[in-house]
Amino acid sequence: MASFSFFLQVLLWGLSWLAITFQQGEVAAEVSIFYRFAIAAICLWCWGIYRKSIQAMNHTTLCWSALLGLCLFCCNFLAFYYSTHFIVSGLTATIMATAPILNAINNRLFFGKQIHTQFWLGALIGLFGVALLFFPELANTNMNINTLIGASLALLGTLCFSFGNMLSIRLGQLAIKPYTANCYAMTFGCGFLLILILFLDIEFSFDSSFTYIGGLLYLAIPASVFGFTLYLQLVDKIGASQAAYALVITPFVALLASSMYEGYNWNMSALFGAVLIIIGHRLAQLKGAGLVIPNIRKLVFEIRDSK
């Protein structure tokens with residue numbers, strides 16, 4: 001069941017890359033993000049109230065939920081959107097793919113959780129695979145101050161995403177279920193976005209085109225309502241590090257969608273990168289400490305002793 005949820009969530013987020021391209025235009029990115037999570041939050045609350053599945057919150061859990069909303073549904077999205085103003089999307093995607101590594105480090109720092117050797121190996125292989133997916137873009141990237149600013153913003157967004165994962169774990173420890181955490185956090189995220197929009201005096205415009213509305217509805221309901229609920233459930237079930245591997249696989253799904261709808265042409269580096277992402281995922285999901293590296297070491301010793 002967890003495997004099905006993982007790949008469904010990856011599919012939902014992978015296709016969201018295509019939907020995001022439909023949001024680019026006359027509407028400010030901050031406003032589009034606000035629309036997205038406002039619609040998603042309304043849907044979550046309506047369904048949760050109907051099903052009577054929303055838990056009561058106290059002051060402590062409300063504070064943690066507000067921080068979760070700030071990290072997961074506000075700051076990280078703004079940072080990612082702003083980063084694309086300075087760097088190519090491929091570099092942003094590659095930096096985002098470090099999320100499993102950051103989650104593993106933060107899990108260790110905040111909760112003392114050990115990470116198996118093969119997870120690190122799998123995450124690094126997957127990260128290298130993402131870099132190969134976008135190799136043409138990365139190869140043409142000029143190292144200048146704009147690149148540094150864009151990369152820093154993408155890293156900040158990934159850090160916010162990782163901190164949001166840790167806050168989700170904390171809420172789980174306080175017996176708050178992912179659906180309830182999602183409802184409150186997304187609402188708080190909308191509040192923070194609204195404050196920013198009003199503070200910066202950004203115009204509340206709207207694009208009535210079919211592509212904009214279609215992309216917005218996809219991002220709000222499948223990608224946010226279902227995608228983030230599934231993701232927080234996965235964080236609760238399989239851990240933040242393994243769940244965050246979704247950000248390594250989603251660029252691969254995004255390019256598959258792009259090849260069908262935008263004429264993206266696959267090259268050898270992209271194909272090899274896709275293979276590495278799949279291999280990395282399999283390694284990262286293996287159980288048992290020291291499963292991969294010790295076996296390699298044992299093989300080396302066996303070859304040496306046989307001579």
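General observations
- Solvent exposure of the chain, expressed per residue, is 49 Å² of accessible area, with all protein chains present and a 1.4 angstrom probe.
- The largest accessible area among THR211, THR147 belongs to the first residue in THR211, THR147, and the rest follow in falling order (1.4 Å probe, all chains).
- Our analysis of segment 117-220 gives Rg over Rh at 1.05, with the two radii drawn from alpha carbon positions and Rh computed by the Kirkwood formula.
- Principal-axis analysis of the Cα atoms of the chain puts helix 210-220 at an angle of about 70° to the longest axis.
- Annotation: peptides 118-127, 82-91, ranked by per-residue average of other Cβ atoms within 10 Å with the highest first, follow the order 118-127, 82-91.
- Sulfur and carbon atoms: percent of accessible area, segment 1-58 [1.4 Å]: 68
- Relative contact order (%) - criterion: Cα under 8 Å, at least six apart; region: the chain: 40
- Computed FRET value (nearest 0.05) for LEU174 with PHE204, which takes r as the C-beta separation and R₀ as 45 Å: 0.80
- Report note on the peptides 94-102, 232-240, 38-46: ranked by the mean count of other C-beta atoms within 10 Å, highest first, their order is 94-102, 232-240, 38-46.
- Cα gyration tensor category, rounded, prolate or oblate, for segment 172-266 with a/c compared to 1.5: oblate
- Angle between the chain longest axis and helix 246-261 axis [Cα atoms, degrees, rounded to 10]: 70
- Here segment 180-256 and segment 95-119 have alpha carbon centers that stand 22 Å from each other.
- Counting only Cα atoms, segment 1-66 measures 40, 33, 24 Å along its principal axes, largest extent leading.
- Fraction of alpha-carbon pairs over 17 Å apart in segment 93-156 - percent: 52
- Sum of -39500 (n - 2.57) over DSSP H runs of 4+, divided by residues of the chain (222 nm, nearest 500): -24500 deg cm²/dmol
- Put simply, when 247-254, 105-112, 268-275 are sorted by average Cβ atoms within 10 angstrom per residue, most first, you get 247-254, 268-275, 105-112.
- Residues of segment 231-257 falling in the label zone of TRP47, defined by backbone nitrogen less than 19 Å from a point 7 Å along Cα to beta-carbon, are 231-237.
- Square roots of five times the Cα gyration tensor eigenvalues for segment 39-131, Å: 31, 21, 13
- Lysine pair number, Cα distance threshold 22 Å (strictly under), the chain, separation 8 or more or different chains: 8
- Anisotropy class of segment 28-71 from Cα gyration tensor, a/c 1.5 cut: oblate
The values are calculated or read from the model by the stated rules, or taken from the named source; none is laboratory data. Predicted model only: the values in this text are computed from it and were never measured. No Cβ is skipped: glycine too gets one built from the backbone with ideal geometry, and neighbour counts run over all protein chains shown. Just so you know, the surface numbers come from the protein's heavy atoms only, side chains and all, with ligands and any DNA or RNA stripped out. Shrake-Rupley method; radii C 1.70, N 1.55, O 1.52, S 1.80 Å.
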